[in-house]
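Notes for the one structure printed next.
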Amino acid sequence: MTDVAPSLPTLRVIIVADGALAAALTDELGAGADDPIGGSAHLTGIVEVVQVEHAEEAVELVSATTAEVPLVVLSGRPGGVDRTIDTLDRAPALRRASTLLVTDRAVHDDAARAIDGDRLDGVLAIPWTAGALRLHARSQIARWLRAHLPDDPRTGSLIDDTERPLELPDSEMLRDLEREPAAVTERLLAAIERVLGPRPRLHLPPGIRLTHQGEGVNGVLVVLRGSVALDRSTRVGDLRLHHGSTGPVVGLLSLAQQRRAFFTARTTTDVEVVHLSLEQLDRALRSEPEVGAAMAAVSIRALAQRLRRSEQLQVEKIELNRELDAERERLADALHQLEQARLELVEQARFATLGELAAGIAHELNNPVAALDRAASYITEDLERLVTSHPQGPALAQALTTARDRPPSSTAEEREQRRVLEAAVGDRELARRLLAAAVTDPDDARRLAAGPPGEIALLEAAAGIGTAIRNLEVGAARISGLVASLRSYARPDGDPVEDVDVHQGIEDTLRLTAHRLAGARITRDYDEVPRIRCHPGQLGQVWTNLLVNAAEALDGEGHIRVLTDAPDPEHVRVRISDDGPGMPPDVLERAFEPRFTTKQGTVRYGLGLGLAIARRVVEQHDGRLSLEADANGTTATVILPVAGPADDTTSRPQPPSPGG
């Protein structure tokens, strides 16, 4: 057992090997005799040495105890280094341990993961020099104790008779790399003066050039006190590349560059230097080995400092480039926003001009529209008086009035009425004519079918006149609505809020845009919905834009479906669908942007603002307009509140911003 205080954890060195190798490793690690390499310090009384054949046994061993494992020594079994360390790492105590590989193999290709994971701390070849393994082990254990148990008193036992920690190196050059720079410079100067005698000190003020870029260098200067910077002239001016990383020997590295200085070395403070010619330096190097060792340490330290500085500059360069890229993106975004603001100002100016034009057009159209409306009223009255003089006057007047006042019906309702009439008269074509003549009662249909053939033709003509009058009245009303909408651009109170039948508004729009919908098959699916309060002229503009967009998507033929319902008692929903090619996601995202068009750069109506204005009108009614599209077509959905906007809400649709 080891002589360890009860309050300290047990330290174990685990050997993962078998046979004679395991015995040899155990014997050397357990030995305490002096040897030429290991010194007099020993491991007996500090650690327990435990031998196992397989890594799994080591994992089981440490899992069953609270002992700490500062070191694992493993053999180089073929193909087993990475696998062995992977197994050891299953136990946290072994994952923290240092690892020493002892091998008789000349080449290992099974330690890549161990190196990558920083899990291999040393490699020792078989056969090893007596004491070398113990030296490695003591150094690794000392390092482990300093890292994991810094207050453990057993670290002091790992000291040899020179009172030096065993993890420090023996060679002078390695020691010089760990000494303070001033101490190494003093040792270098002392070695030089042992050969050349005392060297005169040169005191120089700031700003003195010790070497000149591109000029020959025939000696070196040892800087004993003060600071020297290394500058280089470039196309963009003089750059200071090194200051704190210059090093105490100036000009030494230039000797490897055809004796021409790469930098201009310039004093930045008062300095004290010793000058050595090339001949003096050569003599000192040949006569005193310590000069070479100290000079190598000075050069390595200076190169390491310069390399770190170079890497730091590279990191700073990358960081600055990233900041520059981010700033460039911010500037590009700011430029885009400025451009959008400019376009918005242009658009606002355009709408201001449109407002002036709208006021003028509204004024000019007002009288003709009033005349058209009066003419429609007079024609209706005159026709009613004319038809009453006909033998079938009452029936004709009824057909005319019914056709003129007939409320809109869905496609399904018309189809059902046609089936009822066809069942009554037994003739599909006759049923179609009767429905066109505003006949919906089956008894009337049977009576007309049994009467003279010309009677139905007269009723069709009367119903056609009624429909024409209806269209005339709708057209006049629509023009009046458009005039009101035009006024609304110039006057907030130009389009008052009214109670409106949504179906009636859609039907009016379908009639007025029939020429734009040519080739499209229109299907209506109207559910029972309440009347809503809205600006009828503006809402008609919404239906016009959505229907015309759907027709243009069909490109001459296809199916447009208009559906209405009430998703809840407070709202009415209108969906206008087409079976066109739909829109890709990137186009769908921009569909509501002003000036954005899918018409290959052409604008067939308006200013490329149709959907943007439609959405703005719907939003001013406290509603929502959305688009959905896939390969089977596009659906525009409008949801409007039944209550509508307040009567005193500004009715003028504002020009949409460039952002949609």
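The values are calculated or read from the model by the stated rules, or taken from the named source; none is laboratory data. Source: prediction; values computed, not measured. Please note: Cβ atoms are built from the backbone with ideal geometry, for glycine as well, and neighbour counts cover all protein chains shown.
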Residue that is surrounded by 13 or more Cβ atoms within 10 Å (Cβ to Cβ), touching a strand residue (DSSP E or B) at 6+ places or on another chain (Cβ under 8 Å) and either of a type in the set (S, T, N, Q) or under 16 Å from VAL474 (Cα atoms) (or both), where the choices are THR402, THR440, THR380, THR411:
THR411
Some residue of the range 488-506 being modelled with pLDDT under 75, assigned to a helix (DSSP H, G or I) and of a type in the set (D, E, K, R)
no
Report the residue count in the range 216-238 for those that are modelled with pLDDT of 85 or more and either touching a strand residue (DSSP E or B) at 6+ places or on another chain (Cβ under 8 Å) or within 29 Å of LEU285 (Cα to Cα) (or both).
15
Tell me, yes or no, whether the range 558-574 has at least one residue that is over 16 Å from ALA631 (Cα atoms), of a type in the set (A, V, I, L, M), touching a helix residue (DSSP H, G or I) at 6+ places or on another chain (Cβ under 6 Å) and at pLDDT below 80.
no
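Of the residues LEU512, LEU448, which is buried (at least 18 other Cβ atoms within 10 Å of the Cβ), modelled with pLDDT under 75 and in the same structural domain as LEU554 (by TED's automatic domain parsing)?
LEU512
For ALA553, state whether it is out of contact with any Cys (no Cβ under 7 Å at 6 or more places or on another chain) and either crowded, with 17+ Cβ neighbours inside 10 Å or modelled with pLDDT of 85 or more (or both).
yes
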Could you check the range 102-127 and list, in sequence order, the residues that are charged (D, E, K, R) and out of contact with any strand residue (DSSP E or B) (no Cβ under 8 Å at 6 or more places or on another chain)?
ARG105, ASP109, ASP110, ARG113, ASP116, ASP118
Among ALA64, ALA137, ALA142, ALA114, which is the only one that is more than 20 Å from LEU29 (Cβ to Cβ) and buried (at least 18 other Cβ atoms within 10 Å of the Cβ)?
ALA114
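For the range 103-156: of the residues being assigned to a loop (DSSP other than H, G, I, E, B) and small (Gly, Ala, Ser), which is nearest to GLY45 (Cα to Cα)?
GLY131
Identify all residues within the range 402-436 that are hydroxyl-bearing (Ser, Thr, Tyr) and part of a helix (DSSP H, G or I); write none if there are none.
Narrowing the range 402-436 to residues hydroxyl-bearing (Ser, Thr, Tyr): 402, 409-411.
Matches in the range 402-436: THR402, THR411.
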Which ones in the range 28-61 are at pLDDT below 85 and either buried (at least 18 other Cβ atoms within 10 Å of the Cβ) or of a type in the set (D, E, K, R) (or both)?
GLU28, LEU29, ASP34, ASP35, GLY38, GLY39, ALA41, HIS42, LEU43, ILE46
Considering only residues that are closer than 19 Å to LEU276 by Cβ, of a type outside the set (Phe, Trp, Tyr) and surrounded by 15 or more Cβ atoms within 10 Å (Cβ to Cβ), which ones fall in the range 231-264?
THR246, GLY247, PRO248, VAL249, VAL250, GLY251, LEU252, LEU253, SER254, LEU255, ALA261
What number of residues in the range 349-365 are modelled with pLDDT of 70 or more and out of contact with any helix residue (DSSP H, G or I) (no Cβ under 6 Å at 6 or more places or on another chain)?
8
Take VAL195 and tell me if it is surrounded by fewer than 17 Cβ atoms within 10 Å (Cβ to Cβ) and over 50 Å from the mean Cα position of the chain (by Cα).
yes
